Amino acid sequence: MKRMLLLLVITALAIHPLQAQDTEKKADLLKLLNIYGVFEVGDQLVLAIGMQVIDLYRKANPKATEQTLISIQKEVKAVVDGAMRESGGISDKFVEIYGKYFTHAEIKEIITFHESPVGKKIKEVERSLAKDVMVAGQKWGESIGPTVLQRTKTRLKKKGIVIPDI
């Protein structure tokens, strides 16, 4: 009996530091996910669901006040935010996924980078950068498209495959 009790105490003492490490890693992962703006998806979801609920309410109550509609949107936001962060919610799933690929030390390094001046600059310019890259890619695609089509048609024609003109 004493051995069993001693074994339980030793096991509990061994597990406690691991749980503390997991808690710290989870907290850092949540911080990193916030830096990445992962939870902004929830804001988009709130807008989409909120508009659907408001449309349903307006159909049943055409004279709905602006205050009521704002209240509906706030309630949808509260429900979605709660669902995202509750145990087993999407934040836990994101933490699990990111935790699978990064050690706690790596997560801390990533956070340190994103809190540095260059990391902050990346966050500042990433949307503009992505937009500029997309526009450049689109223009390039439009400019090279006819040439690619013509060259492809010529090469395929040599193999007996004829692509009709558009």
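What angle, in degrees between 0 and 90 and rounded to the nearest 10, separates the Cα long axis of helix 40-60 from the longest principal axis of the Cα atoms of the chain?
Approximately 80 degrees, to the nearest 10.
Taking only Cα atoms, what is the 0 to 90° angle, nearest 10, from helix 2-36's long axis to the longest principal axis of the chain?
30
Determine ³J(HN,Hα), in whole Hz, for all residues of region 135-151 in sequence, where each value follows from phi through the Karplus function 6.51 cos²θ - 1.76 cosθ + 1.60 and θ = phi - 60°; x replaces Gly and Pro.
The phi angles translate into 4, 4, x, 5, 4, 4, x, 5, 6, 8, x, x, 5, 4, 4, 5, 5 Hz.
So which lysines can LYS158 reach, going by Cα to Cα under 21 Å and dropping same-chain residues fewer than 8 places off?
Reachable lysines: none.
Among SER128, SER91, what is the fewest-to-most ranking by other Cβ atoms within 10 Å?
If I rank by nearby Cβ atoms, fewest first, I get SER128, SER91.
Kindly flag which residue pairs out of LYS59/LYS93; LYS31/LYS100; LYS26/LYS131; LYS77/LYS100; LYS25/LYS123 have an alpha-carbon separation exceeding 25 Å in this structure. Each step should come with its number before you reach the end.
Working: LYS59/LYS93 36 Å; LYS31/LYS100 16 Å; LYS26/LYS131 32 Å; LYS77/LYS100 29 Å; LYS25/LYS123 23 Å.
Pairs exceeding 25 Å: LYS59/LYS93; LYS26/LYS131; LYS77/LYS100.
Quick one: in the chain, what % of C-alpha pairs are over 22 Å apart? Walk me through the numbers before you get to the answer.
Details: 9681 of 13695 pairs.
Result: 71 percent of Cα pairs exceed 22 Å.
Mind giving me the nanometre distance, one decimal, between the label points for LYS63 and ILE161, set 7 Å out from Cα along Cα→Cβ?
My value for the distance between the label points is 6.7 nm.
Starting from region 49-132, pick out the trypsin sites (Lys or Arg not before Pro) whose DSSP state is loop and whose Cβ has at most 16 other Cβ atoms within 10 Å. Intermediate results must be reported in sequence, preceding the final value.
Values: sites: ARG58, LYS59, LYS63, LYS74, LYS77, ARG85, LYS93, LYS100, LYS108, LYS120, LYS121, LYS123, ARG127, LYS131; in loops: LYS63.
Qualifying residues, ordered by number: LYS63.
Using only the alpha-carbon atoms, how far is helix 104-115 inclined from the longest principal axis of the chain? Give it as 0 to 90 degrees, nearest 10.
Roughly 60 degrees between the two axes.
With an 8 Å cut-off on Cα pairs and a minimum separation of 6 or more residues, tell me the relative contact order of the chain in percent.
Computed value for the chain: 22 percent relative contact order.
Given a 10 angstrom Cα cut-off, can you work out which residue in ILE35, ILE107, ILE144 is the most mobile in a GNM of the chain?
ILE144
Only loop residues by DSSP count here, and only those with at most 11 other Cβ atoms within 10 Å; note down the GluC sites (Glu not before Pro) in region 81-122 that meet that. Intermediate results must be reported in sequence, preceding the final value.
Working: sites: GLU86, GLU96, GLU106, GLU109, GLU115; in loops: GLU86.
Hits after loop and neighbour filter: GLU86.
Here, each number is a calculation from the coordinates, and none is a lab measurement. Since the structure is predicted, the reported quantities are computational estimates derived from the model, not experimental observations. Cβ sites come from the backbone with ideal geometry, for glycine too, and all protein chains shown count toward neighbours.
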